[in-house]
Amino acid sequence: MYTFTEDQLSIQEVARDIAQNQLKALADEIDKTGRFPEENLNLLVEAQLLQLSIPEEYGGAGMDDEIAKALVVMELAKCCAATAEIVDVHYLSTDILMRKGTDAQKAQYLPEAAKGKLGGFALTEPGAGSDAAGMKTRAVKDGSDYVINGTKCFISNLGPNEGNHFVVIAVTEPGIGTKGTTAFLVDRSMKGVSCGKTEDKMGIRGAAVSELILEDVRVPESAVLGKLGEGFKIAMMGLDGGRIGIASQACGVAFGAIDEAIKYAGQRVQFGKPISANQGIQWYLADMATRAEAAWALTLKAASLRQQGLPCTKEAAMAKYYAGEAACFCCDLALQIHGGYGYMKDYAIERMYRDARIMRIYEGTSEVQKMVIGRMLIN
Ligand code: COS
């Protein structure tokens, strides 16, 4: 059992209060319209949650705490998975910047990030999804600058009006594999940077996801994040944290689905009694709660290792794999408990079921997580 610090518990409480009292009421409308939930972001900035880990000198809350971030994302995801996703991706890009950025890069981007200008992470390409090393985006040295060309796809926190800065991974030396890739900080306002197709998604519909088009984007050498040739490693290191974030989001959705199922099962009367009186329903709930708790424990274990600066690649992959599957399992059974009503848009579970589905896919599919875990077990 985890013992949380007072600070972690109080941050969790703030997140829970906002999620339950503000985000929950908007989740349905945001899903239906697919609009970006600007007002939610404003609330999270006001409460210092979006900028939680950013040092105070840059305008953040100065709480660089992996467990606190996980607790925040879980609470938000219980009520609005789309908002949790936006926060999680912002945490991911901020985390990479804080770990790998120079003082000048931090001074340039962190104050904006602390005010709610969203960061993103651009690795995936149309031909390079699970095989991330197969990327084609090229950064070519030209004098003291680099010129970047390519298209990144499925980029979270990028929309027609959303997204401020991106960690972009590009090939700087072709033909030598992952060691020929470099990470760059790319600003939305740079010439040649544009937002391509914005995706019309099945779930988490309020979280903007688009193509990032890079056409002759000239960046100075000072935009290189970390060292030349370190791009893939930076991406993987960032994804260790990002996967804990998605695991947290999935835990939140799983717990949210259980709440909805318990509520419905207590109210729905069939055969003269609430359906929750049936052992069959109780067994469903037991299976759901057990998997959600197991996912929670795996997620916090990974977060705790990362917080201590210990290796966590395997544990992050386990948490992401298990929690993503658990979220879908819980939403599926919660919908089943709702019967026909669960299939209708009048009930939150219909949205949650769609929201959960991406959690077995993004930031590495369940199959990729199993690759990572399996490789680590045998090496
Ligand atoms: N932290 C630091 N370095 C890491 C790392 C990690 N978690 N994982 C891998 N690396 C390093 C390896 O050590 C290796 O470096 P060396 O050559 O110096 O040993 C290098 O990165 C390449 O690793 P590997 O050989 O494992 O790369 P592969 O091309 O086989 O890819 C997978 C491995 C499949 C795990 C990777 O491509 C992946 O995670 N794919 C999914 C991508 C993803 O999650 N996309 C979603 C994007 S966000 S929506």
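The values are calculated or read from the model by the stated rules, or taken from the named source; none is laboratory data. As the structure is a prediction and not an experimental result, all values here were calculated from the model. So basically every Cβ, Gly included, is an ideal-geometry build from the backbone, and we count neighbours across all protein chains shown. For accessibility, only protein heavy atoms count, side chains too; no ligands or nucleic acids. Shrake-Rupley method; radii C 1.70, N 1.55, O 1.52, S 1.80 Å.
Candidates in the stretch 173-183 are the residues that are among the hydroxyl-bearing types (Ser, Thr, Tyr) and open to solvent by less than 10 Å² (accessible area, probe 1.4 Å); of these, the one that is nearest to the ligand (Cβ to nearest atom) is Thr181.
What do you reckon, is Asn40 buried (at least 17 other Cβ atoms within 10 Å of the Cβ) and among the polar types (S, T, N, Q)? It is true that Asn40 is buried (at least 17 other Cβ atoms within 10 Å of the Cβ) and among the polar types (S, T, N, Q). Among the residues of the stretch 126-139, those identified as without any contact (Cβ under 8 Å) to a residue 24 or more places away in the chain and open to solvent by 60 Å² or more (accessible area, probe 1.4 Å) are Gly127, Asp131.
For (1) open to solvent by 10 Å² or more (accessible area, probe 1.4 Å); (2) within 16 Å of the ligand (Cβ to nearest atom); (3) without any contact (Cβ under 8 Å) to a residue 40 or more places away in the chain; (4) in contact with a Phe, Trp or Tyr (Cβ under 8 Å, 6 or more places away or on another chain), each residue gets a yes or a no:
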residue: Ala170; (1), (2), (3), (4): no, yes, no, yes
residue: Leu185; (1), (2), (3), (4): no, no, no, yes
residue: Cys195; (1), (2), (3), (4): yes, no, yes, no
residue: Asp200; (1), (2), (3), (4): yes, no, no, no
residue: Ala208; (1), (2), (3), (4): yes, yes, no, yes
residue: Leu212; (1), (2), (3), (4): no, yes, no, yes
residue: Lys263; (1), (2), (3), (4): yes, no, yes, no
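Taking the criterion of being surrounded by fewer than 17 Cβ atoms within 10 Å (Cβ to Cβ), acidic (Asp, Glu) and out of contact with any Gly (no Cβ under 7 Å at 6 or more places or on another chain), the only residue of the stretch 215-258 that qualifies is Glu221.
May I ask you to say which residue of Ile86, Ile148, Ile96 is under 22 Å from the mean Cα position of the chain (by Cα) and closer than 20 Å to Lys227 by Cα?
Details: Ile86 fails: closer than 20 Å to Lys227 by Cα; Ile148 fails: under 22 Å from the mean Cα position of the chain (by Cα).
From the options Ile86, Ile148, Ile96, the qualifying one is Ile96.
Looking across the stretch 314-332, the residues that are closer than 27 Å to Asp65 by Cα and open to solvent by less than 50 Å² (accessible area, probe 1.4 Å) come down to Glu315, Ala316, Ala317, Ala319, Lys320, Ala323, Gly324, Ala326, Ala327.
When you check Ala292 against the structure, is it crowded, with 17+ Cβ neighbours inside 10 Å and either of a type in the set (Phe, Trp, Tyr) or under 16 Å from the mean Cα position of the chain (by Cα) (or both), yes or no? Considered against the rule, which asks whether it is crowded, with 17+ Cβ neighbours inside 10 Å and either of a type in the set (Phe, Trp, Tyr) or under 16 Å from the mean Cα position of the chain (by Cα) (or both), Ala292 comes out as no.
Kindly evaluate Ala81 against the criterion of being under 21 Å from Ala356 (Cα atoms), outside the structural domain of Tyr353 (by TED's automatic domain parsing) and free of Cβ contacts under 8 Å to residues at least 40 places away in the same chain. I'd like the intermediate steps shown before the answer.
Details: under 21 Å from Ala356 (Cα atoms): yes; outside the structural domain of Tyr353 (by TED's automatic domain parsing): yes; free of Cβ contacts under 8 Å to residues at least 40 places away in the same chain: no.
For Ala81, the condition - under 21 Å from Ala356 (Cα atoms), outside the structural domain of Tyr353 (by TED's automatic domain parsing) and free of Cβ contacts under 8 Å to residues at least 40 places away in the same chain - is not met.
Would you check which residues across the stretch 45-57 are touching a residue at least 60 places away in the same chain (Cβ under 8 Å) and either farther than 14 Å from Lys69 by Cα or not polar (S, T, N, Q) (or both) and list them?
Of the residues in the stretch 45-57, the ones touching a residue at least 60 places away in the same chain (Cβ under 8 Å) are 45, 50-51, 54.
Result: Val45, Leu50, Ile54.
When you go through Ile67, Ile86, Ile30 one by one, which is the residue that is within 27 Å of Cys331 (Cα to Cα), away from the ligand (no atom under 16 Å from the Cβ) and in contact with a Pro (Cβ under 9 Å, 6 or more places away or on another chain)?
Sole residue among the options that is within 27 Å of Cys331 (Cα to Cα), away from the ligand (no atom under 16 Å from the Cβ) and in contact with a Pro (Cβ under 9 Å, 6 or more places away or on another chain): Ile30.
Scanning the stretch 73-82 for residues that are touching a strand residue (DSSP E or B) at 6+ places or on another chain (Cβ under 8 Å) and open to solvent by less than 10 Å² (accessible area, probe 1.4 Å) turns up nothing.
Just one residue in the set Leu298, Leu335, Leu305 is within 16 Å of the ligand (Cβ to nearest atom), open to solvent by 10 Å² or more (accessible area, probe 1.4 Å) and at pLDDT 95 or above; that residue is Leu305.
Of the listed requirements (1) free of Cβ contacts under 8 Å to residues at least 40 places away in the same chain; (2) assigned by TED's automatic domain parsing to the domain that holds Leu185, Leu123 misses just one: (1). Report whether or not Lys100 is open to solvent by 60 Å² or more (accessible area, probe 1.4 Å) and either within 16 Å of Leu239 (Cα to Cα) or within 13 Å of the ligand (Cβ to nearest atom) (or both). The answer is yes for Lys100.
The set of residues in the stretch 349-372 that are crowded, with 17+ Cβ neighbours inside 10 Å, under 21 Å from Cys312 (Cβ atoms) and near the ligand (Cβ under 10 Å from one of its atoms) comprises Tyr362, Glu363, Gly364, Val368, Gln369, Val372.
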